[in-house]
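Nothing in this text is a laboratory measurement; each read-out follows from the coordinates by a stated rule. Note that this is a predicted model, so its numbers are computed, not measured. Positions of Cβ are generated from backbone atoms using ideal geometry, with glycine treated the same way; all protein chains shown enter the neighbour counts.
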Amino acid sequence: MTDLLTSPYPALLVGLPVLLATLSLFFRTRGKALVGLLGCLLTAGLAIVAFIEVAQHGTVIHILGGWEPPLGIMLRMDSLAAVFIGMTAVVGVFISLYAWQYFRADESGPGEFPLFWPLWLFLWAGLNGLFLSNDLFNLFVTIEVIGICAVALAVLSGKTTAMFAGLRYLLAAITGSMAYLFGVALIYGSTGTLDLGLLGQVLEPGTTTTFALLVITFGLMVKMAGFPFHFWLPPAHSAALAPVSALLSALVVKGAFYILLRLWMEVFGVSITYAAGQLIGLAGAIAVIWGSWQAFMQTSLKLIVAHSSVAQLGYLLMIFPLLILAPGVTADSADWLSPAWTAGIFQVIAHAFAKASFFLSAGLIIMALGHDRIESLRDLVGNMRITAMAIGLAGVSLIGLPPSGGFMAKWMLLKGIFLSGQWWWAPVVLAGSLLTAGYVFMLLRLAFAPAREMGTFKPVPKSLEIVALILALGSFLIVFPADYMIQFLESTGVFGSGIESIVEGGAYGND
Amino acid sequence: METYQIYSLTSAVLFVIGLGGVFISRHFIKKIIATIIMGGGVFLSFVSFAERDALTFADPVPHALVITGIVVAVASAAFALALARRIYQLTGEESFTKDK
């Protein structure tokens, strides 16, 4: 553990946004926004520098205040964390630029929400902290920070629907984190340690471990809106302000997924059976079909996009059955692990870009029309060319058509599915894409249809449309560094690894 | 039965009562109280493990964790109560209905 390079960046990635968020609280409206935006740019710059540091030197660590674990806290930035932090920085900086313009657009805009900035910076600090954390309790604290900031952002508009959705979101978030913490208590009680690396070695299979795994997985599934605990997501994400919806859908739900992935792969290996993987894959598969179908049935744009998030998160859960190997299969002989990991990572990144773009475009449409009922989208192409293009491109990435990042993710997922011989997942992936195409093409058909009445669209700032378009393009551009990214992730050994399930038995049984 | 076992069992019971309450009740305040009961169960389980491992004195780490956890839980509960109060002021409603 001590042979890893110590670097100040992990600490700065958490400390700087917290400091700037606190600082911005001392300013009035405009000053808050200015400090907030500067803070976002600085944090993003720092994240890129830290990413380069990890790319050059491999995993870096930081021991806070020189207090060695287990007493102190160690932050650890490996390549998986670096990729998530980099993604947060790139998507986050564009959403910040959009928010800056969006809140200043006085005539048709929603007005100014100065508290957006400190809350978003605290949220960013929480996300960075989560990706860097290396022990179970730290993860709990960071998901709580993220949860409270996310709910505060979701209710920022002060509308009644947002309040109801926000309270429901908050109650789900508290329930999720309490369940997670109960699991942590059981783990600490049986092993006496919270360090992820150490736990991976000392954790023994048994009823306690299995039960801890069960409650932790339940808690995190509630937090990441995995089926059947997705009920809170569509109202909360659709009722929020446009930049907030983009943040919540693109970044916040990925946090819980990251913990789930880390814990299943690195800690609970001893207690996970082949059947458990199948079960979580089934939850993902149902989410893909159910979410896409619900999205198809909605009549307001933001609800379509929010339900689509449920479906896209389902794809992430579908990589779990591929990563858990049947008894007798070793990680060396399983050639589908690398495609499955690639699928997961690219699904996370492609969805972050595409969904952020989609929600920002929806915000522009609300700005222009005053509402987001889809029948009014007629002649969108004639009135808001750039936004229509952004929606089209983001939609293509969500469907998974080449050459988008979404295509890469779904193609690799299919490749992994066929290589592993678990063919029963393949129809789900294809049906999900078909249903996604259904609602995206429904929107595009309306966008190209001739208008029934003229002059319903109010002009919106061009710069906002361009930010949304850049994010949509981003979901295509990410396929170019794919080769580099896969090599980078493979270098740490997390990537391409799988759980060799030694235990046979029921879904969670070890006895 | 050892003392810590009574605490552990109580903590599990509290957790389940809270979990059930969150899902079953519709009233805002009842739901919030249910999450607090869940939290109480979790913190009690930490403390009971500290008691079990006590040789001459109790393990300090779970106590430190519980303190942090309580702070976080209080903050969440306060936020939830503030939201519930605001909804009541705006709409006069005090529980979730089917369509909201």
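How far is helix A:136-154 tilted, in degrees, relative to the longest principal axis of the Cα atoms in chain A, given as a value from 0 to 90 rounded to the nearest 10?
Roughly 10 degrees between the two axes.
Express in nm, to one decimal, how much length is gained between residue A:5 and residue A:299 on full extension, taking 0.36 nm for each residue of separation and deducting their alpha carbon distance. Please list the in-between numbers first.
On the way: separation 294, 0.36 × 294 = 105.84 nm, distance 5.29 nm.
Contour length minus the Cα-Cα distance gives 100.5 nm.
So what is the relative contact order of the range B:3-91, in percent, for Cα pairs below 8 Å that sit 6 or more residues apart? Each step should come with its number before you reach the end.
On the way: 88 pairs, mean separation 24.7, N = 89.
Relative contact order, the range B:3-91: 28 percent.
Please average, across the residues of B:69-80, the number of beta carbons from any other chain that are within 10 Å of each residue's own beta carbon, and give a whole number. It would help to have the intermediate numbers written out before the result.
Values: counts 9, 0, 2, 10, 5, 0, 3, 10, 2, 0, 9, 8.
Whole-number average of other-chain Cβ neighbours for B:69-80 is 5.
Give me the distance between the Cα centres of the range A:116-194 and the range A:76-98, rounded to whole Å.
18
If I stretch the segment between residue A:330 and residue A:71 completely, what's the gain in nm (0.36 nm per residue apart, minus their alpha carbon distance), one decimal?
89.6 nm
Order by neighbour count: B:30, A:223, A:462, fewest other Cβ atoms within 10 Å first, most last. Working shown, then result.
On the way: B:30 14, A:223 28, A:462 11.
Arranged by neighbour count, lowest to highest, B:30, A:223, A:462 become A:462, B:30, A:223.
Mind ordering A:206-213, A:115-122 by average Cβ neighbours within 10 Å, highest first?
A:115-122, A:206-213
How far is helix B:28-52 tilted, in degrees, relative to the longest principal axis of the Cα atoms in chain B, given as a value from 0 to 90 rounded to the nearest 10?
Approximately 10 degrees, to the nearest 10.
How do A:263-276, A:163-176 rank on mean C-beta neighbours within 10 Å, highest first?
So the order, starting with the most tightly packed, is A:163-176, A:263-276.
Please work out the Cα center distance from the range A:214-239 to the range A:245-274, rounded to the nearest Å.
If you average the Cα positions of each part, the centres end up 12 Å apart.
Based on other C-beta atoms within 10 Å, arrange A:38, A:233 from fewest to most.
A:38, A:233
Hey, quick one: spin label on residue A:451, modelled 7 Å out along Cα-Cβ, who in the range A:374-400 has an amide N within reach, i.e. under 17 Å?
Those under the cut-off are A:374-389.
Per residue of chain B, what 222 nm ellipticity follows from adding -39500 (n - 2.57) for every DSSP H run with n ≥ 4, rounded to the nearest 500?
Rounded to the nearest 500, it is -28000 deg cm²/dmol.
Students often get this wrong, so check it: of A:223/A:410; A:415/A:462; A:254/A:458; A:159/A:462; A:32/A:223; A:355/A:458, which have C-alpha atoms separated by over 32 Å?
Among A:223/A:410; A:415/A:462; A:254/A:458; A:159/A:462; A:32/A:223; A:355/A:458, the Cα-Cα distance tops 32 Å for A:415/A:462; A:254/A:458.
Rounded to the nearest 500, what is the 222 nm mean residue ellipticity of chain A from helices alone, with -39500 (n - 2.57) per DSSP H run of 4+ residues and division by all residues?
-22500 deg cm²/dmol
Specify the inter-centroid distance of the range B:1-54 and the range A:331-378, based on alpha-carbon positions, in whole Å.
One Cα centre to the other: 38 Å.
Quick one: angle between helix A:337-369 and the longest Cα principal axis of chain A, in degrees between 0 and 90, rounded to 10, please.
For helix A:337-369, the angle is close to 20 degrees.
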